[in-house]
Structures are given as structure tokens and as C-alpha cells.
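Single-structure report; data block below.
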Amino acid sequence: MRPFAFQKVNNAAEALKSKKAEAQFIAGGTNLVDLMKKHIAQPEALLDVSAALPKDIAVSGKGILIGAMARNTDLTLNKDILARYPLVARAVLAGASPQIRNMASVGGNLLQRTRCPYFYDVSTPCNKRKPDSGCGALNGAERMSAIVGYNEKCVAVHPSDLCVALAALDAEVKIMTPDKKEKTIPFLQFHKLPEATPWKDNTLPENALITQVYIPENPFHQHFAYLKLRDRTSYAFALVSVAAALHLENGKIKAARLASGGVAHKPWRWYEAEEFLKGKTPSEAVFAEAAERVVKGTKPLAGNAFKVPMLKGAVETALQNCLTPL
Amino acid sequence: MTKQHYSRRFFLKSSAAFTALAALPAGVKAFYVDVENVVLPPRQMLPLKIKVNRQEYEVQADSRTTLLDLLRENLGLTGSKKGCDHGQCGACTVHINGERVLSCLTLAAMVPGQEVTTIEGLADGDKLHPMQQAFIECDGFQCGYCTPGQIMSAVACVKEGRTGSVEEIKEFMSGNLCRCGAYNGIVQSIQKVAAL
């Protein structure tokens, strides 16, 4: 690890005031400390924001506000989350290990870097790690790579499970900019595709802080499922994952939400399939048709074509699981 | 404040370091010192007050020190093990304020003000913690390297109430790997303690 200056800050204003370009904020540290050990992140200073940001989870108006320093585990135990946004708890429990969930913050979860093996291997080129050095994953071992939304500069996928649920539920990210202005970024605009700047994972302005995450009220607390497929049963990143939620009324689907992890540079929403499901009566055939619409737009690389049928099956199964009361 | 005695470990490390230093030509050493001064930012030593196993310690540590290294190298508490050092194996699991965390991904500088419990702090004097006893009785280990982490995680797993079924125990112990494959004994140990 490269030497760095360590500083604990007491509030968001102090954190923003102390933040220089070469410094990085640290919260849970589960991703950043690892990246620093591997010399992928080399900040000259660390600002410990663990005491500076809110950690409470509170019903607010018609939705719920989650402090950026709430631990991932908090999301799995909070009674309001479990009663009104159980998909969020389910997604968090599908990720990492109990130890990591006890450490990792919600804000940090949004900002975690990709687990693409070429990003981690400093002897290979990676546009995300070193701008304009090339993409080692493209035409390499592409098994874990994206099947949608990628370009020749980057085929990495976003690793978070929590973010897939937040994308499905149209959450919002509350931030504070260096000039101490509070702003809101819709969750689906928070993470970005590689475009010409794959080294940037998201649209968070330079030196800004995530302070809270907001989830609006929704009718998806009864029929939901999070299905994650991976190389081992637990404690592994997704090959593909599916967050599915249905709002059923009089035996018909009034609204549907479908999002995936492990398929793109950002948590991915399947809008066309959601639209198709609207007004339909749930059945195996309807779910199969929805899954068909999901995979229609995918374009696998040479090494990860298996992800397409896997995703199709995962969507069908997740939708079926929505019907079984929990 | 606990006084640290010279240990066999300290002696071995120091003599190895001196031998290596003596073997290097002076010019090479000077070169590396120069490179370090130009390329690397200055090291920051932090005075840290840390409470481990109900005992207060005051140490000076480089800002880069992880809790795991602080426990093992500065405090001589070598029960917590360094397996992968990247948060993938769970061998370094300790409790902070009663909750299981990975000490290899925790910076020591972030720990002051909190209570750390390691495998050394689990027993009550000569009386083993029920989980330690259960691991012995149920063959919860072979080589023993992952065991301190497994036991710290298992204690937390029971406290969290995640012991409803074998599947639930396996899921909530998935952050601790055992290359010997003592998983069946580990699950039985946890069931035994959960039933107490």
C-alpha cells in the first residue's frame, strides 16, 4: 500500500472542505482497502467519513430515507425496509458475506468498483484502471463480462446486488457537492455506461459526497423475488441476477419491475419486458414471453454467450417466484 | 498499556532484517531511500488507543496498518489469521462492538473508540467458550488455520439467530472458507451451541 495521510472528519461540511483531488473518502473500506493493497487505488490521503454521514433509516413522507453510512446489514434488519421494501433486504442478503455486510456502507455499495479480473490484474491493460490503456477483457477471458450496453473500451459489469434492487424500485441518490449544495440524482442516472470514459463508473460530481438514498413508496412489497446465479451457492459475484416485482390486482399484473445485475456496466432495467407484462394475467407462457423480450436486446461476447439462456431462465424463474407468497 | 516483551517471532524477524540490510551494498540502499523520498508521499505514524479483549493498548502505527496487522504484529495477538488478506477467506474474522467483521479490510486508524474481541478474548480464563468446546467435540477443524475465524464467525452466527436450518447456517457461514473441508463438523458445532 502507498503511504497516505489519514484524517477523521466529523460532518459532511468538514469532509467536503478537507477533500482534495488526490484524497479519497473512506466509509466501510471493504472495497477501497482491498484496491489500495493491490495498488489500484493510490490516494494520497484518506478522509474517514464514518462519523460524518447519517446512518439512520427512516420513513420520510411517502418513501424511506437511508443514511449513506447505514451498514448493508442494517437494510436486512430494519422493520420498515422488511415490511415495505423487502426486495432491498433480499438483494443485500444475496451479496457478500455477513462480515462484509456488517462493514460495508450503503453509500460505499453504490460506489464499489467492478470485479472484472482485468481491472484487478495490474499487469494487463484496463481502461477503467488506466485511461486509454485498452481493454484486456475484450477478446480475453470474457466469461464474467457484459452482454448489453458495453463498447470496445470496456466490457466490465457492475457488481452490486443492492443496486439492482434500487434500480428496480426507482430510488434516488441524495448528494452534497463541494459547494455544499444538496442535489438529487435519479438512481438510473447515477451509474453510467462506459461510453468514452469507462474509468468513470457514475455521474457523481468530482469531490461530492453521497449523503442518503431515497426509495419512493411502491406497491411491490408483496410479490417480489431476487434471483442470483453464480459459480458457487453463496459468497460470489453474480453471473446474472434478476430483481423482479409484480403489482397484482384482481389476478392481473398492474405493474412490473425487472432489473438485472451481472449484465452491464450499470444495474440494468428491462423496460420493454415490464411494459409487456402490464395488464397480463400471470402464466408460464406470459413470463416466458417477457423473458424472451429481455434477452432479445442482449449481444453476448465470444466467451459469455451462456449468460443469455441463463438470464432468460432466471427471469422466468424470478417472475414465477414473485407469485409464491413468502 | 501493556508492555511488549521480545518474542521468538520478534527475534527471527529482526535478525532476518539485519542480515538482509548488511548484505546490500550501501549504494543500493541509498538508491532505494532516494526513490522512496521522491516517489512516495511521507509515511504517517498515528498514535492509536485501541481496546482489545477488554484491555486498552496505546500504540504508534503507520496509517496503512490494518487491524489484522496491528493485532498480530504490534499486540502479539496472533490468533487471528492472515489467509488471503483480501476479504475472501474469513480467517481474520474478529468482532467489533460484538459484530463480526474482517480485520484485514479494517484500517486500524478507524478502530479507536470501539471494542475489539479476538479469539484470544473468547474464553473465560481457563474455561473455553462453548463454541470452542463444540469445535473440539464435533471435529470442527483439521489443520486449524481457519478455525479462529470460523469460531468468531460461528459465535456471531448464533447471536444473530441465523441457525434455523443447515442451509441457513451454511449461508451465514459462507464468508469463512475451510480448505480441509471440515464444514460438516463446523455446522454441527454451531447447531450444538445454538441448542444450548
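For the list (1) more than 10 Å from every other protein chain (Cβ to nearest Cβ); (2) outside any loop (DSSP other than H, G, I, E, B), I need the number of the one condition that A:Leu46 fails.
(1)
Hey, A:Lys254 hits all of (1) free of Cβ contacts under 8 Å to residues at least 60 places away in the same chain; (2) part of a loop (DSSP other than H, G, I, E, B) but one; which does it fall short on?
For A:Lys254, the exception is condition (2).
For every residue, the table says whether it meets (1) in a loop (DSSP other than H, G, I, E, B); (2) more than 14 Å from chain B (Cβ to nearest Cβ); (3) over 19 Å from A:Lys192 (Cα atoms); (4) within 18 Å of the chain's Cα centre (by Cα).
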residue	(1), (2), (3), (4)
A:Ile66	no, yes, yes, yes
A:Ile100	no, no, yes, yes
A:Arg115	yes, no, no, yes
A:Gly149	yes, yes, no, yes
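Against the definition (of a type in the set (Gly, Ala, Ser), assigned to a loop (DSSP other than H, G, I, E, B) and within 11 Å of chain B (Cβ to nearest Cβ)), how does A:Ala96 come out, yes or no? Don't jump to the end; show me each part of the working.
Numbers: of a type in the set (Gly, Ala, Ser): yes; assigned to a loop (DSSP other than H, G, I, E, B): yes; within 11 Å of chain B (Cβ to nearest Cβ): yes.
Judged against the criteria, A:Ala96 is a match.
May I ask you to list the residues in the stretch B:45-59 that are touching a Leu at 6+ places or on another chain (Cβ under 8 Å) and either within 12 Å of chain A (Cβ to nearest Cβ) or loosely packed, with under 14 Cβ neighbours inside 10 Å (or both)?
Across the stretch B:45-59, the qualifying residues are B:Leu48, B:Glu58.
Among residues belonging to the stretch B:140-189 that are touching a Cys at 6+ places or on another chain (Cβ under 7 Å), farther than 25 Å from B:Val116 by Cα and in a loop (DSSP other than H, G, I, E, B), point out the one that is nearest to the other protein chains (Cβ to nearest Cβ).
This residue is B:Cys180.
Working only within the stretch B:122-142, note down all residues that are farther than 18 Å from B:Gly90 by Cα and touching a residue at least 12 places away in the same chain (Cβ under 8 Å). Outline the logic, then answer.
The initial filter retains those residues of the stretch B:122-142 that are farther than 18 Å from B:Gly90 by Cα, namely B:123-130, B:133-134, B:136-139.
Result: B:His129, B:Pro130, B:Ala134, B:Glu137, B:Cys138, B:Asp139.
Just the residues that are touching an Asp or Glu at 6+ places or on another chain (Cβ under 7 Å), within 13 Å of another protein chain (Cβ to nearest Cβ) and crowded, with 20+ Cβ neighbours inside 10 Å, please, taken from the stretch B:60-108.
B:Gly87, B:Cys104, B:Leu105
Please go through (1) more than 10 Å from chain A (Cβ to nearest Cβ); (2) in contact with a strand residue (DSSP E or B) (Cβ under 9 Å, 6 or more places away or on another chain); (3) exposed (fewer than 15 other Cβ atoms within 10 Å of the Cβ); (4) more than 27 Å from A:Thr73 (Cα to Cα) for B:Pro42 and return the number of the only condition it doesn't satisfy.
(1)
Can you tell which of A:Lys266, A:Lys278, A:Lys254, A:Lys228 is under 20 Å from A:Ala156 (Cβ atoms) and away from chain B (no Cβ under 14 Å)? If you could, list the steps in order and put the result at the bottom.
Details: A:Lys278 fails: under 20 Å from A:Ala156 (Cβ atoms); A:Lys254 fails: under 20 Å from A:Ala156 (Cβ atoms); A:Lys228 fails: away from chain B (no Cβ under 14 Å).
After applying the criteria, what remains is A:Lys266.
Output the residues belonging to the stretch A:281-303 that are hydroxyl-bearing (Ser, Thr, Tyr) and touching a helix residue (DSSP H, G or I) at 6+ places or on another chain (Cβ under 9 Å). Give the derivation first.
First, the residues of the stretch A:281-303 that are hydroxyl-bearing (Ser, Thr, Tyr): A:281, A:283, A:298.
Of everything in the stretch A:281-303, just one residue is hydroxyl-bearing (Ser, Thr, Tyr) and touching a helix residue (DSSP H, G or I) at 6+ places or on another chain (Cβ under 9 Å), namely A:Thr298.
Just to be sure I understand, how many residues within the stretch A:258-278 are closer than 17 Å to A:Lys296 by Cα, in contact (Cβ under 8 Å) with a residue 12 or more places away in the chain and outside any strand (DSSP E or B)?
So the count comes out to 9.
Hey, does the stretch A:281-290 have a residue that's within 14 Å of another protein chain (Cβ to nearest Cβ) and either at pLDDT 95 or above or in a helix (DSSP H, G or I) (or both)?
The answer is no; no qualifying residue exists.
Somewhere in the stretch A:27-35, is a residue within 14 Å of chain B (Cβ to nearest Cβ), touching a His at 6+ places or on another chain (Cβ under 8 Å) and either without any contact (Cβ under 8 Å) to a residue 60 or more places away in the chain or part of a loop (DSSP other than H, G, I, E, B) (or both)?
Step one: filter the stretch A:27-35 for residues within 14 Å of chain B (Cβ to nearest Cβ), giving A:27-35.
In the following step, the residues that additionally are touching a His at 6+ places or on another chain (Cβ under 8 Å) were identified as A:34.
Within this subset, residues satisfying the condition of being either without any contact (Cβ under 8 Å) to a residue 60 or more places away in the chain or part of a loop (DSSP other than H, G, I, E, B) (or both) are A:34.
Yes: the stretch A:27-35 contains one or more residues that are within 14 Å of chain B (Cβ to nearest Cβ), touching a His at 6+ places or on another chain (Cβ under 8 Å) and either without any contact (Cβ under 8 Å) to a residue 60 or more places away in the chain or part of a loop (DSSP other than H, G, I, E, B) (or both).
Quick one: A:Gly61 ticks every box in (1) surrounded by fewer than 19 Cβ atoms within 10 Å (Cβ to Cβ); (2) more than 13 Å from A:Val213 (Cα to Cα); (3) of a type outside the set (A, V, I, L, M, F, W, C); (4) at pLDDT 95 or above except a single one, so which number is it?
Against the list (1) surrounded by fewer than 19 Cβ atoms within 10 Å (Cβ to Cβ); (2) more than 13 Å from A:Val213 (Cα to Cα); (3) of a type outside the set (A, V, I, L, M, F, W, C); (4) at pLDDT 95 or above, A:Gly61 comes up short only on (4).
Of the conditions (1) away from chain B (no Cβ under 14 Å); (2) within 22 Å of A:Pro86 (Cα to Cα); (3) hydroxyl-bearing (Ser, Thr, Tyr), A:Thr233 satisfies every one except a single condition; which number is it?
All conditions pass for A:Thr233, except number (1).
Here is a list of conditions, (1) in a loop (DSSP other than H, G, I, E, B); (2) facing chain B (nearest Cβ under 10 Å); (3) under 29 Å from A:Pro125 (Cβ atoms); (4) aliphatic (A, V, I, L, M), and A:Ala21 meets all of them except one; can you say which number that is?
Of the numbered conditions (1) in a loop (DSSP other than H, G, I, E, B); (2) facing chain B (nearest Cβ under 10 Å); (3) under 29 Å from A:Pro125 (Cβ atoms); (4) aliphatic (A, V, I, L, M), the odd one out for A:Ala21 is (2).
Take the conditions under 25 Å from A:Ile100 (Cα atoms) and of a type in the set (A, V, I, L, M, F, W, C) and apply them to A:Ala208. Does it pass? Walk me through it before giving the result.
Details: under 25 Å from A:Ile100 (Cα atoms): yes; of a type in the set (A, V, I, L, M, F, W, C): yes.
Judged against the criteria, A:Ala208 is a match.
With respect to A:Thr177, is the statement that it is closer than 26 Å to A:Glu152 by Cα, surrounded by fewer than 22 Cβ atoms within 10 Å (Cβ to Cβ) and at pLDDT 95 or above true? Break it down stepwise before answering.
Numbers: closer than 26 Å to A:Glu152 by Cα: no; surrounded by fewer than 22 Cβ atoms within 10 Å (Cβ to Cβ): yes; at pLDDT 95 or above: yes.
Criteria not met by A:Thr177.
The values are calculated or read from the model by the stated rules, or taken from the named source; none is laboratory data. It should be emphasised that the depicted structure is a prediction, and the values quoted were computed from it without experimental measurement. Don't worry about glycine lacking a Cβ; one is built from the backbone with ideal geometry, like all the others, and counts go over all protein chains shown.
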